[in-house]
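The values are calculated or read from the model by the stated rules, or taken from the named source; none is laboratory data. Small disclaimer: the values here were computed from a predicted structure and weren't measured. Heads up, the Cβs are rebuilt from the backbone with ideal geometry, glycines too, and the neighbour counts pull from every protein chain shown.
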Amino acid sequence: MSEISKLNSSCSELDLDRPNLEDYLPTGSIQQPHGKLRLRDLLDISPTLTEAAGAIVDDSFTRCFKSIPPEPWNWNVYLFPLWCLGVVVRYGILFPVRVLVLTIGWIIFLLCYIPVHLLLKGHDKLRKKLERCLVELICCFFVASWTGVVKYHGPRPSMRPKQVFVSNHTSMIDFIVLEQMTPFAVIMQKHPGWVGLLQSTILESVGCIWFNRSEAKDREIVTRKLREHVEGADNNPLLIFPEGTCVNNHYTVMFKKGAFELNCTVCPIAIKYNKIFVDAFWNSRKQSFTMHLLQLMTSWAVVCDVWYLEPQNLKPGETPIEFAERVRDIISVRAGLKKVPWDGYLKYSRPSPKHREQKYAKHCLIYLVLHLSW
Amino acid sequence: MGNASSTLTQYDIEEVQEHCNNLFSQQEIVSLYQRFCQLDRNAKGFISADEFLSVPEFAMNPLSQRLLKMVDGLNFKEFVAFLSAFSAKASMPQKIELIFKVYDTDRNGKVTFNDILDVLRDLSGTFMSDKQREEVLSQVLQEAGYTRESSLLLDDFVKILDKPGLKMEVEVPVD
């Protein structure tokens, strides 16, 4: 488009600091406008207003975090008593049994873990091995406590250096479901309460990295820790949830590129929960993790599929962001999730001014191109 | 309607429908209510500016601040009335009136050269200088028979903008 070069020359006369319009426009987005710029074209802000109103009425970002309730099936004279019986069984029989199972599991775990941790201080390799087994054990107990029916597909992850595992994220139980099969090290947001306590004591032994979403400086420290972990041959394979937040298992939000610029193989894992008995989405705005676990423990079962997918490497000429998108595509297709072009962190903060600049560029080009084509 | 209930009665729906001149169907009003309750996090009966801005698609819109002044604190009935300008059944003058209101921030019924410049600035950001904007606007106004000192009224807007190509419609998703 010769207009762009005319535009750039007129821009350079006026202000050298002006951002380069071409950088912000996707190629071929503006068709060559015909004719002169008229007052009605200038005053017509209807497309922008329509977009704003469209966002007010429905937007793809909020949809990712909506818990979609299942259709009630019990409103009928035959099914309602059955459902009531089900409630009695679930809360009166299953729940206490599960709490018992979980308590026994914890007792066994602590009885083995504490001695191992304290007495085998000198024999690190053996200690780590035992601790890994014990963590896997307690995760099995957790999964049993919600009657987790997990089907694993694909080859089990192997302990090799220079590889990370990435997965879509629906709830903190994703970690437990995966951990019962393989002792992953994980990178997690530091939580308060009993979860935080577990994080700092037991998960330390499988090797975990903490971060704090609200701290901006944290990013560099975390990137460094990630790199160090991946380089170490002895460390457990690292599991990362690149979405950065829990999504409702119908959509995937954009993956953060941190996991994809570590110079190592990325092994995608896809998790899809079956909502037949309970919705495993942890809506952290609506319930605490404890309530979420209680909800799972008073339902019939948690059914899910886990697919271990083919390891991927950065292709020549591919940027980490493109790599992240490609892996997100693989996971979304496998788990039947729709992709949305939003950053999960927008749940916690407003979009930065940079995001608006693409919209500005489009408007300016229309005005200036029409203006200059006289 | 109440401010804490999350169900609408038939009376409520009809009241809202009347208030928006039947531009939305009853099903659309129910959908809009679900959306309203979703955005109004603590069931206050209105959506605050912050809650509107939590929708990234809205926050990123160049005209979001102007629209925010018009929708901030509206109750459900007024919310629907505001959105009714975007219904497919709304008349062209009604849509143009909304556009006029976006330009006319001081509500004096007149849109001046500076008002239009302000909107242009919102839309073009740092990509154009004030001088470039003034240049483009002056020339275009002159072309259309106005001057820098002219104030445009709603009738002028209707005259200028009422063309078959103007489309300002939003579809309300109905389950």
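Worth pointing out:
- Selection from region A:203-219 of residues that are part of a helix (DSSP H, G or I) and either outside the structural domain of A:ARG132 (by TED's automatic domain parsing) or charged (D, E, K, R) (or both): A:GLU204, A:ASP218, A:ARG219
- Failed condition for A:VAL306, given (1) under 27 Å from B:GLN38 (Cβ atoms); (2) buried (at least 17 other Cβ atoms within 10 Å of the Cβ); (3) out of contact with any helix residue (DSSP H, G or I) (no Cβ under 6 Å at 6 or more places or on another chain): (1)
- You will find that of A:VAL77, A:VAL135, A:VAL101, the residue that is assigned to a helix (DSSP H, G or I) and over 30 Å from A:GLN312 (Cβ atoms) is A:VAL101 and no other.
- Evaluated against (1) part of a helix (DSSP H, G or I); (2) more than 16 Å from the chain's Cα centre (by Cα), A:ILE176 falls short on exactly one condition, (2).
- Odd one out for B:LYS69, checked against (1) over 22 Å from A:LEU346 (Cα atoms); (2) within 11 Å of another protein chain (Cβ to nearest Cβ); (3) within 17 Å of the chain's Cα centre (by Cα): (2)
- Of all the residues in region A:37-65, those that are part of a loop (DSSP other than H, G, I, E, B) and either within 7 Å of chain B (Cβ to nearest Cβ) or modelled with pLDDT under 85 (or both) number 6.
- For region A:231-255, taking the residues that are surrounded by fewer than 20 Cβ atoms within 10 Å (Cβ to Cβ) and under 27 Å from A:ARG334 (Cα atoms), the one that is nearest to the chain's Cα centre (by Cα) is identified as A:THR245.
- Among the residues of region A:250-271, just one is among the polar types (S, T, N, Q) and part of a loop (DSSP other than H, G, I, E, B), namely A:ASN263.
- Filtered residues of region B:107-151 (kept if β-branched (Val, Ile, Thr) and under 22 Å from B:MET70 (Cα atoms)): B:VAL111, B:THR112, B:ILE116, B:VAL119
- Criterion: away from chain A (no Cβ under 13 Å), on the phi < 0 side of the Ramachandran plot, in contact (Cβ under 8 Å) with a residue 40 or more places away in the chain and not in a loop (DSSP other than H, G, I, E, B) - qualifying residue of B:LYS89, B:LYS95, B:LYS77, B:LYS44: B:LYS77
- Scan of region B:161-174 for residues that are under 14 Å from B:SER25 (Cβ atoms), touching a helix residue (DSSP H, G or I) at 6+ places or on another chain (Cβ under 7 Å) and more than 7 Å from chain A (Cβ to nearest Cβ), ordered by number: B:VAL174
- The set of residues from region A:107-130 being at pLDDT below 85 and closer than 24 Å to A:ASP174 by Cβ comprises just one member, A:LYS128.
- When A:VAL222, A:VAL278, A:VAL230, A:VAL247 are screened for being more than 28 Å from A:PRO155 (Cα to Cα), among the β-branched types (Val, Ile, Thr) and either not assigned by TED's automatic domain parsing to the domain that holds A:VAL88 or not in a strand (DSSP E or B) (or both), only A:VAL222 passes.
- Within region B:119-154, being more than 9 Å from chain A (Cβ to nearest Cβ), of a type in the set (Gly, Ala, Ser) and part of a helix (DSSP H, G or I) holds for one residue alone: B:SER138.
- Each residue in region B:47-66 was checked for being closer than 19 Å to A:SER60 by Cβ, within 7 Å of chain A (Cβ to nearest Cβ) and not aromatic (Phe, Trp, Tyr), and 8 pass.
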